[in-house]
Amino acid sequence: MKLNRNFIKHTIDGQTVLVPTADAPFHGLIQGNKSVGAILDCLEKGADEEEIVAELKKRFKVDEAVIREDVSDVLSRLKAIGAIDE
Amino acid sequence: MNNAQMQKNPMNSARDLIYLVACALNETTPDPDRCGAMDLYAVYRLAQFHSLTSAAAYALEKVMELPRDFDQAKKKAIRKQALFDIERTVIFREFDAAGIWYLPLKGIVLKDYYPKSTMREMTDNDVLCDREKMAQIREIMERLGYTCEIYDMTNHDVYEKPPTLSFEMHRELFYDILLPKFHEYFCYIGDRLISNEGCACRMTDEDFYLFLIAHTYKHYSRAGTGLRALADIYVFLRERGETLDLAYMGKELKKLELTDFEISFRTLAKKLFTGEPLCESENSELIYMLRSGANGIEENAEYHATAERLGGDDSDLAKRRYFRKRILISGDALADRYPFFSRHKALYPLLLLYRAFKGFIIHPGGTIREYRKIKGFDRGDESAFNYDDTKNSGNKK
C-alpha cells in the first residue's frame with residue numbers, strides 16, 4: 001500500500017496533516033495524532049498492514065491489539081477517501 | 001464596514017475579538033464565562049473581516065467546543081498553509097535550479113512569529129524575485145500549472161491555481177508611480193539581502209521591519225488596514241524587538257518619513273494586545289482600523305484620494321481653488337494632457353468649451369460625483385464611539 005499521489009503529507013506546527021490536492025476526490029483536511037503521523041510515514045514509503053503495525057510497535061509502547069485496531073481503523077478511513085493505492 | 005454597522009455590533013464584538021486574539025497571541029486561556037456570553041456570530045463576522053478567524057478559534061477552543069464556523073475557518077487556514085508550503089517547496093526548487101534569487105515576504109515570514117503559524121491567515125504568497133528573470137519565472141509558473149493573471153503591469157505579477165493558490169511575484173517592493181519615495185528607498189534592497197540556502201534570500205530584521213512598516217502605511221493611508229496588521233507588528237517585535245538596531249532604524253524611518261507612524265502603530269499594537277488603556281488618539285486610530293478590515297474599504301480610499309487632491313484642507317476656499325484648477329486647466333497639467341492647446345494659447349477658450357461639453361454632456365455622472373466628493377469632504381472626527389480598553393486583557397494566565 002502507498003499514499004495516493006494526490007494526497008501530500010505535511011507537518012505544520014508540529015502536527016501531521018494530510019492535504020488533498022485539487023485532483024483528489026476528497027476536499028477536506030486530515031489531521032491526526034502521532035500514531036496517524038507514523039502510519040502516514042509508512043504509507044509514504046510504501047508498506048503493508050503488518051509492516052505498519054510493526055513500525056508502530058517500535059515507536060509506541062502500547063498493547064499490540066490496540067495498535068492493530070488503530071491501524072485498521074485509520075487505513076479504512078484513508079481508503080474510503082481514496083488516499084491509498086493498493 | 002461603515003459606522004452604522006459598527007454601531008449595530010457595538011464595541012462588544014470588537015472588544016471580544018481583540019480579547020480572543022490577545023489570548024491567542026499571548027497563549028493564555030480566555031475566561032470561559034466571558035466566552036460563553038459572547039455573541040459568537042457577530043465576533044465571527046468581525047474576525048472574518050479582519051482575517052483573524054483562525055487566531056480567534058485557537059483561543060476559543062481552549063474553553064469550549066468550537067462553533068462550526070470557527071472550526072471550519074481554522075481547518076481551512078491549516079489546509080491553505082499546507083498547500084502553500086508544499087507549492088513553495090516545488091516553486092523554489094525550480095528557482096534554485098534556474099539560478100533565480102528569491103525573497104519570501106510578509107505572511108510567509110510573519111506566520112512563524114505567531115505561536116501557531118496557522119493563526120496567521122494568508123490569501124496569497126508574496127515573493128520578491130530577480131527582476132531580470134520575470135519572463136523565465138512566468139515560464140516556470142505556467143509549467144507548474146499556474147495561470148498568469150497579471151504580467152508586467154505593476155510591481156508584481158500574479159499567478160493563480162485552483163483551488164485557492166495565488167502567488168504574487170514581485171519585481172519591486174513598491175510601485176514607482178503610486179509610491180515613488182518607497183520605491184526609491186527599497187529598489188536597491190537586493191544589495192542588502194542575505195543569502196540562505198540555494199537562491200533563497202532573507203532581509204535583515206531591521207530591513208524586514210522597515211518594509212513591514214512601509215507596507216502597512218501604504219494600506220493604512222489609502223483604503224485602510226485592520227487588526228491583523230497590528231497583530232503582525234506585535235508578534236514580530238515581541239520576538240525581535242530587543243535585538244533591532246534602533247539607531248539604524250531611527251535613521252531609516254526618518255528617510256522614509258515614517259517615524260511618527262511607526263511610533264503610533266507600534267504603541268497601539270502593544271497596548272491593544274497587552275490590555276493597556278488607549279488614549280483618545282489611539283482610540284480613533286483603532287476605530288479607523290476596525291472599520292477598515294484586513295483589506296481596507298473603498299470609502300477610505302476615496303477619502304484619502306480626495307484629501308490628497310485638496311492638500312488635506314477641507315475649507316471652502318481650498319475647494320473653490322480645486323474647482324478653479326480643474327476647470328481652468330493650466331501649467332504642467334495642460335502641457336501633459338493637451339499639448340496642442342499648450343502650444344496654441346489663443347485657442348484655449350475652445351478647450352474650455354470642449355471640457356465643459358465633455359464634463360456635463362458626455363460624462364455628467366462622473367462630474368457630479370467628483371463635485372459631490374469635493375464639496376462634501378470633511379476632515380472631521382471619524383470616531384463612532386469610544387473603546388474602553390480597561391476590560392480587555394488577554395495576558396492574564
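The values are calculated or read from the model by the stated rules, or taken from the named source; none is laboratory data. Just so it is clear, the structure is predicted and the values come from calculations on it, not from any experiment. Heads up, the Cβs are rebuilt from the backbone with ideal geometry, glycines too, and the neighbour counts pull from every protein chain shown.
Being among the small types (Gly, Ala, Ser) and without any contact (Cβ under 8 Å) to a residue 60 or more places away in the chain is the filter here, so list the residues in segment A:31-86 that pass it.
Step one: list which residues in segment A:31-86 are among the small types (Gly, Ala, Ser), which gives A:32, A:35, A:37-38, A:46-47, A:54, A:65, A:72, A:76, A:80, A:82-83.
The answer is A:GLY32, A:SER35, A:GLY37, A:ALA38, A:GLY46, A:ALA47, A:ALA54, A:ALA65, A:SER72, A:SER76, A:ALA80.
Is there a residue in segment B:53-67 that is among the β-branched types (Val, Ile, Thr) and in contact with a Phe, Trp or Tyr (Cβ under 7 Å, 6 or more places away or on another chain)? Explain how you work it out, then say what you get.
Just the residues of segment B:53-67 that are among the β-branched types (Val, Ile, Thr), to begin with: B:53, B:63.
From the residues that got through so far, the ones that are in contact with a Phe, Trp or Tyr (Cβ under 7 Å, 6 or more places away or on another chain) too are B:53.
Within segment B:53-67 (the criterion being among the β-branched types (Val, Ile, Thr) and in contact with a Phe, Trp or Tyr (Cβ under 7 Å, 6 or more places away or on another chain)), the answer is yes, since at least one residue qualifies.
Would you check which residues across segment B:63-77 are free of Cβ contacts under 8 Å to residues at least 24 places away in the same chain and either over 23 Å from A:THR16 (Cβ atoms) or more than 12 Å from chain A (Cβ to nearest Cβ) (or both) and list them? Outline the logic, then answer.
Residues of segment B:63-77 that are free of Cβ contacts under 8 Å to residues at least 24 places away in the same chain, as a first pass: B:65-66, B:68, B:71-72, B:75-76.
Across segment B:63-77, the qualifying residues are B:GLU65, B:LEU66, B:ARG68.
Would you point out the residue of segment B:32-62, among those that are of a type in the set (Asp, Glu) and outside any helix (DSSP H, G or I), that is farthest from the other protein chains (Cβ to nearest Cβ)?
Going residue by residue through segment B:32-62, those that are of a type in the set (Asp, Glu) are B:33, B:39, B:61.
Then keep just the ones that are outside any helix (DSSP H, G or I); that gives B:39, B:61.
Working: B:ASP39: 28, B:GLU61: 13 Å.
So, considering only residues that are of a type in the set (Asp, Glu) and outside any helix (DSSP H, G or I), the one farthest from the other protein chains (Cβ to nearest Cβ) is B:ASP39.
Could you list, in sequence order, the residues of segment B:272-291 that are aromatic (Phe, Trp, Tyr) and either outside any helix (DSSP H, G or I) or under 15 Å from the mean Cα position of the chain (by Cα) (or both)?
Filtering segment B:272-291 down to residues aromatic (Phe, Trp, Tyr) leaves B:273, B:288.
Listed by number, the list holds a single entry, B:TYR288.
Can you find even one residue in segment B:128-145 that is in contact with a Phe, Trp or Tyr (Cβ under 6 Å, 6 or more places away or on another chain) and closer than 25 Å to A:THR11 by Cβ?
Going residue by residue through segment B:128-145, those that are in contact with a Phe, Trp or Tyr (Cβ under 6 Å, 6 or more places away or on another chain) are B:129-130, B:141.
Subsequent filtering for residues that are closer than 25 Å to A:THR11 by Cβ retains none.
Checked segment B:128-145: no residue is in contact with a Phe, Trp or Tyr (Cβ under 6 Å, 6 or more places away or on another chain) and closer than 25 Å to A:THR11 by Cβ.
Starting from residues that are in a helix (DSSP H, G or I) and within 14 Å of chain B (Cβ to nearest Cβ), keep the ones in segment A:28-59 and report whichever is farthest from B:ILE78 (Cα to Cα). Give the steps one after another, and end with the answer.
Applying the first criterion (in a helix (DSSP H, G or I)) to segment A:28-59 yields A:34-45, A:49-59.
With the extra rule that they be within 14 Å of chain B (Cβ to nearest Cβ), the set shrinks to A:37, A:40, A:44.
Numbers: A:GLY37: 16, A:LEU40: 18, A:GLU44: 20 Å.
If we take residues in segment A:28-59 being in a helix (DSSP H, G or I) and within 14 Å of chain B (Cβ to nearest Cβ), then A:GLU44 is farthest from B:ILE78 (Cα to Cα).
If you go through segment B:316-329 one residue at a time, how many are more than 15 Å from B:TYR371 (Cβ to Cβ) and in contact with a helix residue (DSSP H, G or I) (Cβ under 9 Å, 6 or more places away or on another chain)? Walk me through it before giving the result.
From segment B:316-329, those more than 15 Å from B:TYR371 (Cβ to Cβ) are B:317, B:328-329; that's our starting set.
Keeping just the survivors that are in contact with a helix residue (DSSP H, G or I) (Cβ under 9 Å, 6 or more places away or on another chain) gives B:328-329.
Looking only at that region, the number is 2.
Scan B:LYS319, B:LYS358 and give me the residue that is basic (Lys, Arg), modelled with pLDDT under 90 and within 32 Å of the chain's Cα centre (by Cα).
Values: B:LYS358 fails: within 32 Å of the chain's Cα centre (by Cα).
Of the residues listed, the single one that is basic (Lys, Arg), modelled with pLDDT under 90 and within 32 Å of the chain's Cα centre (by Cα) is B:LYS319.
Of all residues in segment B:263-293, count the ones that are at negative phi, touching a residue at least 40 places away in the same chain (Cβ under 8 Å), surrounded by fewer than 20 Cβ atoms within 10 Å (Cβ to Cβ) and not charged (D, E, K, R).
Within segment B:263-293, residues that are at negative phi, touching a residue at least 40 places away in the same chain (Cβ under 8 Å), surrounded by fewer than 20 Cβ atoms within 10 Å (Cβ to Cβ) and not charged (D, E, K, R) number 5.
Would a scan of segment B:80-102 turn up a residue that is closer than 15 Å to B:ALA229 by Cα, away from chain A (no Cβ under 14 Å) and either touching a Phe, Trp or Tyr at 6+ places or on another chain (Cβ under 9 Å) or buried (at least 18 other Cβ atoms within 10 Å of the Cβ) (or both)? Walk me through it before giving the result.
Within segment B:80-102, the first condition is being closer than 15 Å to B:ALA229 by Cα, and the residues that meet it are none.
No, segment B:80-102 contains no residue that is closer than 15 Å to B:ALA229 by Cα, away from chain A (no Cβ under 14 Å) and either touching a Phe, Trp or Tyr at 6+ places or on another chain (Cβ under 9 Å) or buried (at least 18 other Cβ atoms within 10 Å of the Cβ) (or both).
Do we find that A:ASP73 is modelled with pLDDT of 90 or more and either in a loop (DSSP other than H, G, I, E, B) or surrounded by fewer than 16 Cβ atoms within 10 Å (Cβ to Cβ) (or both) in this structure? Spell out the reasoning first.
Values: modelled with pLDDT of 90 or more: yes; either in a loop (DSSP other than H, G, I, E, B) or surrounded by fewer than 16 Cβ atoms within 10 Å (Cβ to Cβ) (or both): yes.
Judged against the criteria, A:ASP73 is a match.
Quick test for you: out of A:PRO20, A:PRO25, pick the one residue that is in contact (Cβ under 8 Å) with a residue 24 or more places away in the chain, away from chain B (no Cβ under 12 Å) and over 11 Å from the mean Cα position of the chain (by Cα). If you could, list the steps in order and put the result at the bottom.
Values: A:PRO20 fails: away from chain B (no Cβ under 12 Å).
So the residue among A:PRO20, A:PRO25 that is in contact (Cβ under 8 Å) with a residue 24 or more places away in the chain, away from chain B (no Cβ under 12 Å) and over 11 Å from the mean Cα position of the chain (by Cα) is A:PRO25.
Could you please let me know if B:ASP314 is at pLDDT below 90, touching a Lys or Arg at 6+ places or on another chain (Cβ under 8 Å) and closer than 30 Å to B:THR29 by Cβ?
Working: at pLDDT below 90: yes; touching a Lys or Arg at 6+ places or on another chain (Cβ under 8 Å): yes; closer than 30 Å to B:THR29 by Cβ: no.
No.
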